[in-house]
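Participant: Sending over a structure as structure tokens; questions will come in a sec.
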Amino acid sequence: MGRRVWITGASAGIGRAVAERLARDGDTVHVSARREDELDALATTVPGRLIPAPLDVTDHDAVQATVARIEERDGPLDLVILNAGTHQPVEAKDFSAADLRKLVELNVMGTASCLEAVMPRMIDRRAGHIAVVASVAGYRGLPTSAYYGATKAALINMVESLRFDLDEAGVRIQIINPGFVETPLTDKNDFAMPFIISTEKAADYIARGLNGSSFEIVFPKRFAAIMKNARLMPYRLYFPAIHKMTGK
Ligand SMILES: NC(=O)c1ccc[n+]([C@@H]2O[C@H](COP(=O)([O-])OP(=O)(O)OC[C@H]3O[C@@H](n4cnc5c(N)ncnc54)[C@H](OP(=O)(O)O)[C@@H]3O)[C@@H](O)[C@H]2O)c1
């Protein structure tokens, strides 16, 4: 432990729980999100180890400035967890390119701005560790997930692609694919969420996965196994199976 860490989307949900967990374990964690009051409240939970860095990740210039400021203040970041993101369900009759663009701006382009800010610094140092939060919803198309699933599939592919160069450059990259976790994001869902876990349990999986050797951190294990199996199914089996599970 004792790493210098930066986590985006740390004012709530999974990001907040991971930030607190890592700080308690001995890391110094710079926490970013838009709501400064929530970051200040989080900082009081492990005094001196959680440092607010308020930021809207869709503001490209602000992302670059924030990373520069953190590293000037505290030195090189050892670990960066790009977690800021949201979900917006959509049915085909309501599909709107403008709504999709908003989700792409946050989930994909926000993450891309952060990657642009941290990767060259880590590559120059031939050191560092990046973890990007996508979702098992990025594996395959799911009902009402045309926006969200598309953004998360993009992140999974992006991270897989970057891994080749980063491996050569001595920089580690991982993908984090959670199943359902109880957060303000999933509180909005009015359907059954199989194998849903608490943010503390999710933080536990993530903290252990970051110290492990796997490229992918995916949890909870039984739901992950179902989703991985679904990823391998031919369409003639996949669509009926999802219909049976969800009624869609
Ligand atoms: N919960 C699940 O079941 C689940 C499953 C799979 C994947 N995930 C992924 O896990 C990540 C966290 O999800 P969550 O469930 O913890 O969501 P959440 O409770 O809604 O938290 C989202 C976090 O992102 C921040 N955020 C939103 N827009 C931002 C922006 N423009 N700039 C900076 N920060 C921003 C929010 O803070 P502010 O509002 O203060 O900015 C908040 O801290 C997301 O990428 C999500 O897709 C979640």
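Participant: Using only the alpha carbon atoms of the chain, find the Kirkwood hydrodynamic radius as the inverse mean reciprocal pair distance, in angstroms to one decimal.
Facilitator: Hydrodynamic radius (Kirkwood, Cα only) of the chain equals 18.5 Å.
Participant: Using R₀ = 35 Å, calculate the FRET efficiency as 1/(1 + (r/R₀)^6) where r is the Cβ-Cβ separation of residue 92 and residue 41; round to 0.05.
Facilitator: With R0 = 35 Å, the Cβ-Cβ based efficiency is 0.30.
Participant: Using alpha-carbon pairs under 8 Å, 6+ residues apart, how would you state the relative contact order of the chain in percent? Walk me through the numbers on the way to the answer.
Facilitator: On the way: 426 pairs, mean separation 44.1, N = 248.
Here the relative contact order equals 18 percent.
Participant: In whole Å, largest first, what are the principal axis extents of the Cα atoms in region 179-248?
Facilitator: Each principal axis gives a Cα extent; for region 179-248 these are 39, 30, 15 Å.
Participant: In terms of Cα to Cα distance under 20 Å, which lysines are near enough to residue 152, apart from those fewer than 8 places away along the same chain?
Facilitator: Correct list for residue 152: 102, 188, 221, 228.
Participant: Right, another one. What ranking do 18-30, 230-242, 101-113 get when scored by the average of other Cβ atoms within 10 Å per residue, highest first? Don't skip to the answer; put the middle values down first.
Facilitator: Numbers: 18-30: 22.2, 230-242: 11.9, 101-113: 19.2.
Highest to lowest by the protection proxy: 18-30, 101-113, 230-242.
Participant: Taking the Cα centre of the chain as origin and charging only Cβ (+1 Lys, Arg; -1 Asp, Glu), how large is the dipole, in debye to the nearest 20?
Facilitator: 1020
Participant: Could you tally the net charge around residue 185, taking each other residue with its Cβ under 14 Å from the Cβ of residue 185, Lys/Arg +1 and Asp/Glu -1?
Facilitator: Local net charge: 0.
Participant: If you don't mind, there's one more thing I want to ask. Applying a 10 Å radius around every beta-carbon, put 4-11, 115-122 in order of their mean neighbour count, most first.
Facilitator: Ranking the peptides 4-11, 115-122 by packing returns 4-11, 115-122.
Participant: Here's another thing I want to ask about it. Quick one: check the C-alpha center-to-center distance for region 206-248 versus region 109-132, whole angstrom.
Facilitator: 27
Participant: Still on this model: Please give the Cα centre distance for region 1-73 versus region 135-182, rounded to the nearest Å.
Facilitator: First find each Cα centre; the distance between them is then 22 Å.
Participant: Taking the simple approach of a point 7 Å from Cα along Cα-to-Cβ for both residue 190 and residue 248, what is their distance in nm?
Facilitator: 1.4
Participant: Counting each pair of different Cα atoms once, what's the Kirkwood radius of region 92-171 in Å, rounded to one decimal?
Facilitator: On the way: mean 1/r = 0.0728 Å⁻¹.
Taking the inverse mean of 1/r over all distinct Cα pairs, region 92-171 comes out at 13.7 Å.
Participant: Okay, moving on. Highest mean first, what order results for 186-196, 36-46, 81-91 on Cβ atoms within 10 Å?
Facilitator: In decreasing order of mean packing, 186-196, 36-46, 81-91 become 81-91, 36-46, 186-196.
Participant: Take the Cβ-Cβ distance between residue 68 and residue 213 as r, set R0 to 41 Å, and report the resulting FRET efficiency rounded to the nearest 0.05.
Facilitator: 0.85
Coordinate-derived values only; no laboratory data. Remember, predicted model here, so these are calculated numbers, not experimental data. Cβ atoms come from the backbone with ideal geometry, glycine included; neighbour counts cover every protein chain shown.
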